[in-house]
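Peer 1: Below is the structure I would like to discuss, written out as C-alpha cells.
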Number of protein chains: 2
Amino acid sequence: MNIPQSSFPRVIIIGGGFGGIALAKRLCKKEFQVVMMDKHNYHTFQPLLYQVSTGGLEPDSIAYPIRKVLQGYPHFYFRLAQVKSVDTEQELVHTNIGELKYDYLVVATGSTTNYFGNKSIKKNSMAMKSIPQSLNLRSLILENFELALLTDDLHEREALMNFVIVGGGPTGVELAGALAEIKKGILPKDYPDLDTRIAQINLIQSSERILPAMSEIASKKAERFLEKLGVNVWKNLRVLEYDGKVVTTNTDTVFETATMVWAAGVKAVTIKGLNGKDLLAKGNRLKVNHFHQVEGHENVFAIGDVAHMAMEGYPNGFPMMAQPAMQQGISLGDNLVRLSEKLPMAPFIYKDKGSMATVGRNKAVADLPRFKFQGVFAWFIWMFVHLYFLIGFRNRVVVFINWVYNYIKFDREARLIIRPFKKKYTVKPKI
Amino acid sequence: MNIPQSSFPRVIIIGGGFGGIALAKRLCKKEFQVVMMDKHNYHTFQPLLYQVSTGGLEPDSIAYPIRKVLQGYPHFYFRLAQVKSVDTEQELVHTNIGELKYDYLVVATGSTTNYFGNKSIKKNSMAMKSIPQSLNLRSLILENFELALLTDDLHEREALMNFVIVGGGPTGVELAGALAEIKKGILPKDYPDLDTRIAQINLIQSSERILPAMSEIASKKAERFLEKLGVNVWKNLRVLEYDGKVVTTNTDTVFETATMVWAAGVKAVTIKGLNGKDLLAKGNRLKVNHFHQVEGHENVFAIGDVAHMAMEGYPNGFPMMAQPAMQQGISLGDNLVRLSEKLPMAPFIYKDKGSMATVGRNKAVADLPRFKFQGVFAWFIWMFVHLYFLIGFRNRVVVFINWVYNYIKFDREARLIIRPFKKKYTVKPKI
C-alpha cells in the first residue's frame, strides 16, 4: 500500500463516515500515523440523501472528498480500498490493494440496509444508504413518471405513480414528505398531460407510531404533517413480500407499485475476522466496552453505527446516527492519546443532543433535551443544524442557496435522469 | 405516445439541445402543437462539460430539466424517447416508445464523437460529449491518482499520471488548462505522499496551430497560456492508435498513458430514413437550404450541429457551436409561423458573435467581431457569457458561487468518484 514506516504508532481507521472523520481529525494533530481506508473517496452526509433522491440537492453538495477534509496533516494517509478481512493475531488488515499492519485498529464501517433475509424485498426494492443508491432512486422516480404517460392502462399508471415507503423512521418520513411536495408542486406543472392526482405516497410503519425513537408528541405531529401533505400513513402494518409489482402485507392490504423504498432496517457492516458470533450484538453491531474496545481485543476499537456499547438507558446501543458517531470518534481519539501516553483511558459519556426530522416546508419535529417543539421553528433549527454539520464551506453555501431557491420557488430543479436506472417495471406503450 | 390530436399543426423536434430548445420556445407561444423528443430528460450545457470532468462544477448545475424549460405552455409535449427512424413518406417518427405522425419535423440531434473509423481509439479513449461521459472521465482521472499511489513501478506511475488530450479545439484546450491547474493547485495537497511533479498534460493537435477556428493571435496566446501552465503542446502530430496503454503517432513520438481523451472530431447524429448519401455533407451533416429545409423535403428541417447550410464564408457549414444552433432555432421558428400563415419564409442570416476559449484562471482568448483580446478581461467576458447562456436561475447562482469559490481558494471540490469507471489500466499493487 506504500505507507511508509513511521516512529509514530499506526492507527488504521476503516470508514470515512462521521465517526471515522471525527477520530482522524483528533488523531492527526497528535503523534500518530493515521491511515484511513474507505471504498469511496468521499464522505457522505447521509442525513440529506433523501433530498438527492427527490431532486432538491445535487449529490456533489452532500459529498466531500476525504483527502480534502484531512489535507495538510503530514502523517495522514488515505487509501481507496475495500477491506476484505482483519487478522487480529497478526494485526493485519487485508484489502483489495494489499495488506497493512496496524498498532491500533478502528472499525468505523457504519451500517447498511437490513432486509432481514427477505430475498424478494432485497431484489426488488430501492435503498437509500449511499449516493449512488439515492441517484438510482431519483432516476427511477422520474422514469416512472415518464412511463406513466405512455400507458392507457389505468392500473399500470397507478402502479407507476404509487410510492410505497417502508419504515417510519426519519428516512421514511422525510422521503414521504418530499415526495408529497413533489406531487403537489412539481408534477402538475411538469406533466400537464397526466392526471397527477392519482399519484399516491404510502408510508408503512410496522409499529403503532412513526418516528418510534422520538417522543410521542413528535410522532403525532409528524403524522399530522404527513397527512396534511396527503401522505397515506399506515401503522401496525408489516410488509411481507415485494415481487417488483405487488407489495403484500400481514393483512389483506396490498399495494401495486413500481417503486418500493425499503427504509425499515439497518445493520452494521461487519468485517471477516471480526464477525464471530460472540463479538456481535443485535443488528451485527460489534460489542464494545466503555472505551470502545472490541471484546477481547486491546487494540481493536469500534465506533459509530457498527459499535454496540451497553449503557444504562440504551439497551440497544446508541442510536445509529451522526451525533453518537462523532462523539465516539472524539472520545476514542482522546483515549488513544492517553493510551499512548500510558495514562488510563476515560469511559465514553454520551451527550444526547436530541433528534429531529423534517416532513416538509415549515414542517419539522424536534426533541431537544430541554424542549420539544414542532413546526416552522423546528424546521429552521433542522436546516441550521444540517448546514452546520455539513462538511465544506462551498457545500454549505450551495445547499443553502438550493434551499432558499426551493423554498421561494416551490421547486426542486435537480430532477435529472443522468444515469438511467434499469427499469424493473414495463408497460405496453400505446402506439 | 399518448399525444392528443390538435387543431394546430404538429411539430416534432428531435433533440433538446441549444437549437431545439430555442425553436420550441419560439413555437410554443404560437399556434403549434410542439412535441420534443430526447433520450435525456434534460438539456446539457455542453460548453462547461470539461469543468464537470475536472471537478470544478457539479453535473447537475449544467443540466436543466427540459420539462421545466418549457413549463406552462399548454401545447408542448415532452417525450423521453430514442428515435429509431423517420419515414418521410408516411410522415412518421418511429421510436422505442411508439410512433408519431408529424406535420413538420425538425432534426436537432446534434453531434457525437467522431473516431473516423478508428477502433482502438473508440474502444480505449474517453470522450466528453455528455454528462455521463464527463463523469466517467472525472472518475477515471481520480481513480488513476489513487492507483498511482499503489505502484512502485515508476513507468506505471508515470502512465497513470500522464494525460493525453487529442484535439486542440476549445474542448481540448480547456480540458488541458484545467488539468494543469489541478496538477499545480490540488495534487500536491491531496497526494502529499506522491511526487506529483511527474504528472504530465499533453495536448496534441494535428495541424500547425491549436484553436484553428480562431484567429492566429488567439491560437498563439492560448498556446503561450498553456505552456505557462506547464502543458506540453504538440502540433503537427497525428495520433494513430491507442491500445489503452500506448498512444502511437505518425512520428516516433509515443505516449504511455492510462488516460487518453479524444476531442479531435465530431460528426452529426443522423437518423435512419434521413441518412441517404445524397442528403449528407461532410461529417454526416444534413444538407439544408437557407430555410433549413432538408433537401427534397418540404416539411423536414434540420438545425444546429446536424445541419449543413452552404453559405458564403462557411464552406464547411456553420461552426458546431451553441450560437449558430440557437440562431437557427429562432429563425426556423419564425419561418414555421410564416409558413403556417402562407407567407414566404425568410432565409437564415448568421450573425457571428465571435468565439472564445478559456485556458485557466485569468487566462482566456476571445475573438469578437470587432475586437480580439486575451487574458484577464477575456476570461471575465467568457465567464459572463457562459453564465448568461446557462439555463436556469438556480444553475447560474450555483455555478457563479462555485467559480468564485474556486477562484479564491484555488480549489475544485467536486473531486468525487461517485460512480467508479471501470478501470482499464491495472497495476500490480505493492503488498
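Peer 1: Determine whether A:L137 is touching a Leu at 6+ places or on another chain (Cβ under 9 Å), more than 30 Å from A:M320 (Cα to Cα) and either in the same structural domain as A:L237 (by TED's automatic domain parsing) or of a type in the set (S, T, N, Q) (or both).
Peer 2: Here the answer is no, as A:L137 does not meet what is asked.
Peer 1: Another question about this same structure. The conditions are (1) over 23 Å from B:T112 (Cβ atoms); (2) at pLDDT below 95; (3) aromatic (F, W, Y), and B:F291 fails exactly one of them. Which is it?
Peer 2: Only one criterion is unmet by B:F291, namely (2).
Peer 1: Also, I was wondering about something else. Scan the stretch A:22-34 residue by residue and report those that are surrounded by 24 or more Cβ atoms within 10 Å (Cβ to Cβ) and under 27 Å from B:P420 (Cα atoms).
Peer 2: Correct list: A:L23, A:A24, A:V34.
Peer 1: What number of residues in the stretch A:115-132 are within 25 Å of A:P324 (Cα to Cα) and buried (at least 17 other Cβ atoms within 10 Å of the Cβ)?
Peer 2: 6
Peer 1: For the stretch B:81-94, which residues satisfy the criterion of being crowded, with 21+ Cβ neighbours inside 10 Å and farther than 14 Å from B:V269 by Cβ?
Peer 2: B:A81, B:V93, listed by residue number.
Peer 1: Got at least one residue in the stretch B:49-56 being crowded, with 17+ Cβ neighbours inside 10 Å, facing chain A (nearest Cβ under 10 Å) and in contact with a helix residue (DSSP H, G or I) (Cβ under 8 Å, 6 or more places away or on another chain)?
Peer 2: So far as the stretch B:49-56 goes, yes, one or more of its residues are crowded, with 17+ Cβ neighbours inside 10 Å, facing chain A (nearest Cβ under 10 Å) and in contact with a helix residue (DSSP H, G or I) (Cβ under 8 Å, 6 or more places away or on another chain).
Peer 1: Say we look at the stretch B:298-322 and pick out the residues that are in contact with a Phe, Trp or Tyr (Cβ under 8 Å, 6 or more places away or on another chain) and surrounded by fewer than 22 Cβ atoms within 10 Å (Cβ to Cβ); which of these is nearest to B:I349 (Cα to Cα)?
Peer 2: B:M311
Peer 1: Checking B:V93 against (1) closer than 20 Å to B:I418 by Cα; (2) in the same structural domain as B:I21 (by TED's automatic domain parsing); (3) among the aliphatic types (A, V, I, L, M), which single condition isn't satisfied?
Peer 2: (1)
Matching residues to (1) more than 11 Å from chain B (Cβ to nearest Cβ); (2) closer than 21 Å to A:M321 by Cβ:
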{"residue": "A:R338", "(1), (2)": "yes, no"}
{"residue": "A:M356", "(1), (2)": "yes, yes"}
{"residue": "A:D367", "(1), (2)": "yes, yes"}
{"residue": "A:W379", "(1), (2)": "yes, yes"}
{"residue": "A:R415", "(1), (2)": "no, no"}
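Peer 1: Does B:I165 fit the bill of being surrounded by 23 or more Cβ atoms within 10 Å (Cβ to Cβ), of a type outside the set (S, T, N, Q) and in contact (Cβ under 8 Å) with a residue 12 or more places away in the chain?
Peer 2: On the way: surrounded by 23 or more Cβ atoms within 10 Å (Cβ to Cβ): yes; of a type outside the set (S, T, N, Q): yes; in contact (Cβ under 8 Å) with a residue 12 or more places away in the chain: yes.
Considered against the rule, which asks whether it is surrounded by 23 or more Cβ atoms within 10 Å (Cβ to Cβ), of a type outside the set (S, T, N, Q) and in contact (Cβ under 8 Å) with a residue 12 or more places away in the chain, B:I165 comes out as yes.
Peer 1: Might you let me know whether the stretch A:76-98 holds any residue that is touching a Cys at 6+ places or on another chain (Cβ under 6 Å), at the interface with chain B (Cβ under 10 Å from one of its Cβ atoms) and at negative phi?
Peer 2: Within the stretch A:76-98 (the criterion being touching a Cys at 6+ places or on another chain (Cβ under 6 Å), at the interface with chain B (Cβ under 10 Å from one of its Cβ atoms) and at negative phi), the answer is yes, since at least one residue qualifies.
Peer 1: Would you pick out the residues in the stretch A:65-75 that are within 26 Å of the chain's Cα centre (by Cα) and either within 7 Å of chain B (Cβ to nearest Cβ) or farther than 25 Å from A:L387 by Cα (or both)?
Peer 2: A:P65, A:R67, A:K68, A:Q71
Peer 1: Related question: Residues that are crowded, with 18+ Cβ neighbours inside 10 Å, in contact (Cβ under 8 Å) with a residue 60 or more places away in the chain and at the interface with chain B (Cβ under 10 Å from one of its Cβ atoms): does the stretch A:419-427 have at least one?
Peer 2: There is at least one residue in the stretch A:419-427 that is crowded, with 18+ Cβ neighbours inside 10 Å, in contact (Cβ under 8 Å) with a residue 60 or more places away in the chain and at the interface with chain B (Cβ under 10 Å from one of its Cβ atoms).
Peer 1: Also: Somewhere in the stretch B:60-80, is a residue farther than 23 Å from A:F145 by Cβ, of a type in the set (G, A, S), crowded, with 21+ Cβ neighbours inside 10 Å and touching a helix residue (DSSP H, G or I) at 6+ places or on another chain (Cβ under 6 Å)?
Peer 2: no
Peer 1: When the residues of the stretch A:109-136 are narrowed to those that are among the aliphatic types (A, V, I, L, M) and within 14 Å of chain B (Cβ to nearest Cβ), which ends up nearest to B:N41 (Cα to Cα)? It would help to see each step written out before you state the result.
Peer 2: Going through the stretch A:109-136, the residues among the aliphatic types (A, V, I, L, M) turn out to be A:121, A:126-128, A:131, A:135.
In the following step, the residues that additionally are within 14 Å of chain B (Cβ to nearest Cβ) were identified as A:131, A:135.
Working: A:I131: 20, A:L135: 15 Å.
Per the criteria, the residue is A:L135.
Peer 1: Also: Within the stretch B:299-322, is even one residue over 12 Å from B:G20 (Cα atoms) and assigned to a helix (DSSP H, G or I)?
Peer 2: No - not one qualifying residue is present in the stretch B:299-322.
Peer 1: Ok, one more. Just checking, does the stretch B:43-55 include any residue being of a type outside the set (A, V, I, L, M, F, W, C) and without any contact (Cβ under 8 Å) to a residue 12 or more places away in the chain?
Peer 2: Filtering the stretch B:43-55 down to residues of a type outside the set (A, V, I, L, M, F, W, C) leaves B:43-44, B:46-47, B:50-51, B:53-55.
Add one more test, that the residue is without any contact (Cβ under 8 Å) to a residue 12 or more places away in the chain, and what stays is none.
No, the stretch B:43-55 contains no residue that is of a type outside the set (A, V, I, L, M, F, W, C) and without any contact (Cβ under 8 Å) to a residue 12 or more places away in the chain.
Peer 1: Quick one: would you say A:L137 is in contact with a Ser or Thr (Cβ under 7 Å, 6 or more places away or on another chain) and at pLDDT 95 or above?
Peer 2: Yes; evaluated as a whole, the condition is true for this residue.
Peer 1: Further question on the same structure: Pairs, please: C-beta under 7 Å, at least 6 apart or cross-chain, first residue under 22 Å from B:L390 (Cβ atoms) and not assigned by TED's automatic domain parsing to the domain that holds B:G169 and in the stretch B:307-331, second of a type in the set (A, V, I, L, M, F, W, C) and part of a loop (DSSP other than H, G, I, E, B)?
Peer 2: B:P319/B:A213; B:P324/B:F318; B:A325/B:I303; B:Q328/B:I303; B:Q328/B:F348; B:G329/B:I303
Peer 1: Suppose the filter is in contact with a helix residue (DSSP H, G or I) (Cβ under 8 Å, 6 or more places away or on another chain) and either under 30 Å from B:L137 (Cα atoms) or facing chain A (nearest Cβ under 9 Å) (or both); does B:Y104 pass it?
Peer 2: So B:Y104 does not fit the description; no.
Peer 1: Still on this model: Given the structure, is B:A346 away from every other protein chain (no Cβ under 14 Å), touching a helix residue (DSSP H, G or I) at 6+ places or on another chain (Cβ under 7 Å) and under 27 Å from B:Y42 (Cβ atoms)?
Peer 2: It is false that B:A346 is away from every other protein chain (no Cβ under 14 Å), touching a helix residue (DSSP H, G or I) at 6+ places or on another chain (Cβ under 7 Å) and under 27 Å from B:Y42 (Cβ atoms).
Peer 1: Do the conditions hold for A:K189, that is, is it more than 27 Å from A:Q374 (Cβ to Cβ) and more than 26 Å from the chain's Cα centre (by Cα)?
Peer 2: Working: more than 27 Å from A:Q374 (Cβ to Cβ): yes; more than 26 Å from the chain's Cα centre (by Cα): yes.
Answer is yes for this residue.
Peer 1: Considering only the stretch A:403-410, I want to know if a residue exists there that is of a type in the set (A, V, I, L, M) and either within 30 Å of A:V294 (Cβ to Cβ) or at pLDDT 95 or above (or both).
Peer 2: No, the stretch A:403-410 contains no residue that is of a type in the set (A, V, I, L, M) and either within 30 Å of A:V294 (Cβ to Cβ) or at pLDDT 95 or above (or both).
Peer 1: Can I ask one more? In the stretch A:58-116, which residue that is in contact with an Asp or Glu (Cβ under 6 Å, 6 or more places away or on another chain) and among the small types (G, A, S) is nearest to A:Y242 (Cα to Cα)?
Peer 2: A:S111
The values are calculated or read from the model by the stated rules, or taken from the named source; none is laboratory data. Remember, it's a predicted structure, so these values are computed and weren't measured experimentally. Every residue, glycine as well, gets a Cβ built from its backbone with ideal geometry; the counts of neighbours run over all protein chains shown.
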